[in-house]
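Peer 1: Pasting a structure here, questions to come.
The values are calculated or read from the model by the stated rules, or taken from the named source; none is laboratory data. Nothing here was measured: the structure is a model prediction, and the numbers come from that model. Every residue, glycine as well, gets a Cβ built from its backbone with ideal geometry; the counts of neighbours run over all protein chains shown.
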There are 2 protein chains.
Amino acid sequence: MEQNVRISPQEKERLLSHFETQIMQVLNWLATFSPDEEGGITRLLYTEGWLEAQQALAQKMAGCGLKTEFDHVGNLFGKLLGEDLDAPSIITGSHIDTVVQGGMYDGAYGIAAGLLALDYLQQQFGKPKRTLEIVSLCEEEGSRFPMAYWGSGSIVGKRNFEQIVHLQDSDEVFFTDAMQLCGFGEGMGRDSRRSDIGAFIEVHIEQGAVLEEEGIAIGVVDTIAGQRRLKFEVIGESNHAGTTPMHMRRDALEGVSMMIQALRREAVRIGEPLVATVGRLLVLPNVPNVVPGKAIFTVDARHADGQVLDRFCRWVMQEFSSIADERQLAIQGTEWFREEPVPMHGKLKAYMDDVCGKMSISSKRMVSGAGHDAQMFEHICPTAMLFVPSRRGISHSPEEYTEPRDLAVGVLVLTELLYRLGYEGEEL
Amino acid sequence: MEQNVRISPQEKERLLSHFETQIMQVLNWLATFSPDEEGGITRLLYTEGWLEAQQALAQKMAGCGLKTEFDHVGNLFGKLLGEDLDAPSIITGSHIDTVVQGGMYDGAYGIAAGLLALDYLQQQFGKPKRTLEIVSLCEEEGSRFPMAYWGSGSIVGKRNFEQIVHLQDSDEVFFTDAMQLCGFGEGMGRDSRRSDIGAFIEVHIEQGAVLEEEGIAIGVVDTIAGQRRLKFEVIGESNHAGTTPMHMRRDALEGVSMMIQALRREAVRIGEPLVATVGRLLVLPNVPNVVPGKAIFTVDARHADGQVLDRFCRWVMQEFSSIADERQLAIQGTEWFREEPVPMHGKLKAYMDDVCGKMSISSKRMVSGAGHDAQMFEHICPTAMLFVPSRRGISHSPEEYTEPRDLAVGVLVLTELLYRLGYEGEEL
């Protein structure tokens, strides 16, 4: 076993200490752009703080000897040019935008990790065989405009200017105007679309509590789960809570409570990685002394297998209908959002498993229940994702937190993977 | 049997036709005061429309030969003076105010029914042995100010000026100012408190669907149900709907859905007249892709027996706690409102049963799940209530409706009861 280990245990410790200090410096520095007055970070696409962050990052990349470039939507690339300039680039990175009152790790960690990895590799090993790049994607969250994955989608050809021309934010600012104020837009900089990418690797916090709960350092993402979102409207009859005997009621909320129970039972029966959630529920008229006449609620269901997901959603539709019938309620259900599962690249996953194994870092294959930029890149190149633990699974919140040591382990695994792909010429 | 019938079948038919026409005339006329622009009637305490209605009613009462009088909170009395002025009065009536966008029957019907009964009795039989009165109570609903039963409560001594001195409506108008603008208040008119009432009889629409469902004309109220209102706050943990496996969730809404199911099962098991309702439920953060971290809801429970009700509420507290424990949720429950059951007067109920039986009018004893002015009067005198059917049980809505014939039957029974008490000197 010893022969296979490129990095000795002493070297691993030294590197982890180094990354631990560095990653917190970069993340704390990034967190100074667009702090939210009420805590956390609100760094929305094409705002002043967003532009400052991207420009400062470009300077930092240049300081690390990377060749920087913005594309025409504002994605920022830092390139460590390789010997073979014709070979497709290996890209790592994530998004610079946040949700409203988000945390300092979601997105930012993937960019910071890439920066540290490339800086270290360049200092230690100089020019790689093929170009390694870090990308700070302009947008992923869809928090300012109703359009998510704007950065990665523009690179892979799933997003374009036609799609955003009529979009406005909540202050009625047009997407195009906000973009142009930052110096981006059609004809302003290089076209986003790329066909020279050899692989995309995204490092991210888990945003779930599985790694923490199981005491595992690295999650190698097997598949990004498919999603279905359903909306139901259940109609009964509003009645006086005092004068309507139990047997005469057509209580919409009581019906919904049965449906929620049935949903959970079936989701548990089918088992992981299926998750199903009623996250939103409105009751009408919603007053203490009136039997609810109407209830509107959503179901969010996710699984790594689209067929399992579709079968589950058909079951949900049928089961909810029969509960409604039994309770003399009317029900209408519609699917208003669907996203197919995205499997990550087999060889990249195997390399990551191997890197972890060789360095005695605990890891597990897992499904990503959340969506990520990686699912966009998968359309055009081998793609992989690597998770580090999130404390209590909290994300999209100022309370988002990952231990510096856990962050450092992620950087180390990324570094080693980029070394193999960029310097050792590992094939994909 | 024939000997016992004071009113012949022919006379009954003639009277019903007469009351049917009359009652609709009075109700339609009352509905012209404070019509709501969006349908129905919004006649709130001490508003212009309310004052016009009371003043017009006073004129109409005087026109029927009744001696009218306002007390200092704005209750309007119309008296048909009896031979024995020392004998306590028999009073019938209900409230003139409505909820926001209410119907034209709730309250108004009891006043109109009393008016028709007294008018008929006076015309047919002249002066009664003891004084019969009709009252148009100023307020019952608590719709303008947070104070219900202001009219009846002032008469029986359960309400007083001290209680309302700081109260404001939603436009920040003080209760006292609104009252004085209408010419009422301390020292303005006769003191509301009375100790000369021999009995109170309230005729009202059922506001439930039991009589309609069972095809019964008259409900003789046995007891006005006691009420308990509980409020619960359930705390779990807000988590990402995609990244949190089912077994790691502490889903507040899922817990509440179990509680709603348990509540219904137990209420059905205990049986009528118990009713239990979760009418209000708020879910937090209430977004489709987040596992609910918090839920706040109410339970409204009613029964004719206060002990059964208390036992049920203790069960609810214990059961909800154990469901919360099982689901790793925290729960806090408090009782924020309680009202004891109010039994109606035995002899009056028996007289009503008898009147219905003698006139071949179908009737049943029933619990009133709703609160009424009658429960205030019960503190000071023998009290009874009589229900007529409500179409589909709908009330507090412009859709409130009762067939004119059903309304007429109620007037007929009231008339006969007042005859017995006022003219025949039936004892209580």
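Peer 1: Out of the stretch A:221-271, which residues are under 20 Å from A:Gly371 (Cβ atoms) and without any contact (Cβ under 8 Å) to a residue 60 or more places away in the chain?
Peer 2: Scanning the stretch A:221-271 gives a single hit, A:Ala267.
Peer 1: Can you pull out every residue in the stretch A:54-105 that is modelled with pLDDT under 95 and in contact with a strand residue (DSSP E or B) (Cβ under 6 Å, 6 or more places away or on another chain)?
Peer 2: The answer is A:Gly102, and nothing else.
Peer 1: Inside the stretch A:253-295, can you point out the residues that are of a type in the set (Asp, Glu) and assigned to a loop (DSSP other than H, G, I, E, B)?
Peer 2: A:Glu272
Peer 1: In the stretch B:176-194, how many residues are farther than 17 Å from B:Ser152 by Cα and touching a Phe, Trp or Tyr at 6+ places or on another chain (Cβ under 6 Å)? If you could, list the steps in order and put the result at the bottom.
Peer 2: Within the stretch B:176-194, the first condition is being farther than 17 Å from B:Ser152 by Cα, and the residues that meet it are B:176-178, B:180-183, B:187-188.
Those still in the list that are touching a Phe, Trp or Tyr at 6+ places or on another chain (Cβ under 6 Å) too: B:178, B:182.
Of the residues in that region, 2 qualify.
Peer 1: Same structure again: Inside the stretch B:243-283, can you point out the residues that are more than 7 Å from every other protein chain (Cβ to nearest Cβ) and surrounded by fewer than 20 Cβ atoms within 10 Å (Cβ to Cβ)?
Peer 2: B:His247, B:Ala262, B:Arg265, B:Glu266, B:Arg269, B:Ile270, B:Gly271, B:Leu282
Peer 1: Could you please tell me which pairs satisfy a Cβ distance under 6 Å, a separation of 6+ or placement on different chains, a first residue in the stretch A:97-126 that is on the phi < 0 side of the Ramachandran plot, and a second residue that is charged (D, E, K, R) and part of a loop (DSSP other than H, G, I, E, B)?
Peer 2: Close Cβ pairs satisfying both conditions: A:Asp97/A:Arg43; A:Asp97/A:Glu139; A:Asp97/A:Glu141; A:Thr98/A:Arg43; A:Val99/A:Glu141; A:Gly103/A:Glu400; A:Tyr105/A:Glu400.
Peer 1: What is the one condition in (1) under 18 Å from B:Ile260 (Cβ atoms); (2) surrounded by fewer than 22 Cβ atoms within 10 Å (Cβ to Cβ); (3) within 13 Å of chain B (Cβ to nearest Cβ); (4) in contact with a Lys or Arg (Cβ under 8 Å, 6 or more places away or on another chain) that A:Gln328 does not satisfy?
Peer 2: For A:Gln328, the exception is condition (3).
Residue-wise test of (1) out of contact with any helix residue (DSSP H, G or I) (no Cβ under 7 Å at 6 or more places or on another chain); (2) buried (at least 21 other Cβ atoms within 10 Å of the Cβ).
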position	(1), (2)
B:Gly333	no, no
B:Leu348	yes, yes
B:Phe377	no, yes
B:Val388	no, yes
B:Arg391	no, no
B:Glu403	yes, no
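Peer 1: All but one of (1) in contact (Cβ under 8 Å) with a residue 12 or more places away in the chain; (2) of a type outside the set (A, V, I, L, M); (3) assigned to a helix (DSSP H, G or I) hold for B:Gly198; state the number of the condition that does not hold.
Peer 2: (3)
Peer 1: Here's something else I'd like to know. Which residue is surrounded by the fewest Cβ atoms within 10 Å (Cβ to Cβ), if the candidates are limited to the stretch A:117-161 and must be among the acidic types (Asp, Glu) and not in a loop (DSSP other than H, G, I, E, B)? Even if it seems obvious, please write down each step before you answer.
Peer 2: Here is the first cut: in the stretch A:117-161, the ones among the acidic types (Asp, Glu) are A:119, A:133, A:139-141.
Filter again for not in a loop (DSSP other than H, G, I, E, B), leaving A:119, A:133.
Details: A:Asp119: 22, A:Glu133: 26.
Residue satisfying both the conditions and the ranking: A:Asp119.
Peer 1: Say whether the condition of being at the interface with chain A (Cβ under 8 Å from one of its Cβ atoms) and at pLDDT below 95 is met by at least one residue in the stretch B:188-197.
Peer 2: Looking through the stretch B:188-197, none of the residues is at the interface with chain A (Cβ under 8 Å from one of its Cβ atoms) and at pLDDT below 95.
Peer 1: Restricting the search to the stretch A:284-299, which residues are in contact (Cβ under 8 Å) with a residue 12 or more places away in the chain, closer than 16 Å to B:Ala295 by Cβ and facing chain B (nearest Cβ under 7 Å)?
Peer 2: A:Pro288, A:Pro292, A:Thr298
Peer 1: A further question follows. Taking the conditions exactly as written (in contact with a strand residue (DSSP E or B) (Cβ under 7 Å, 6 or more places away or on another chain), surrounded by fewer than 22 Cβ atoms within 10 Å (Cβ to Cβ) and more than 8 Å from chain A (Cβ to nearest Cβ)), does B:Glu319 satisfy them or not?
Peer 2: Working: in contact with a strand residue (DSSP E or B) (Cβ under 7 Å, 6 or more places away or on another chain): no; surrounded by fewer than 22 Cβ atoms within 10 Å (Cβ to Cβ): yes; more than 8 Å from chain A (Cβ to nearest Cβ): yes.
So B:Glu319 does not fit the description; no.
Peer 1: Restricting to the stretch B:163-183, count the residues that are surrounded by 14 or more Cβ atoms within 10 Å (Cβ to Cβ) and assigned to a loop (DSSP other than H, G, I, E, B).
Peer 2: Of the residues in that region, 5 qualify.
Peer 1: Hey, another quick one. May I ask you to list the residues in the stretch A:210-242 that are within 29 Å of A:Phe312 (Cα to Cα), aliphatic (A, V, I, L, M) and more than 10 Å from every other protein chain (Cβ to nearest Cβ)?
Peer 2: A:Leu211, A:Val220, A:Val221, A:Val234, A:Ile235
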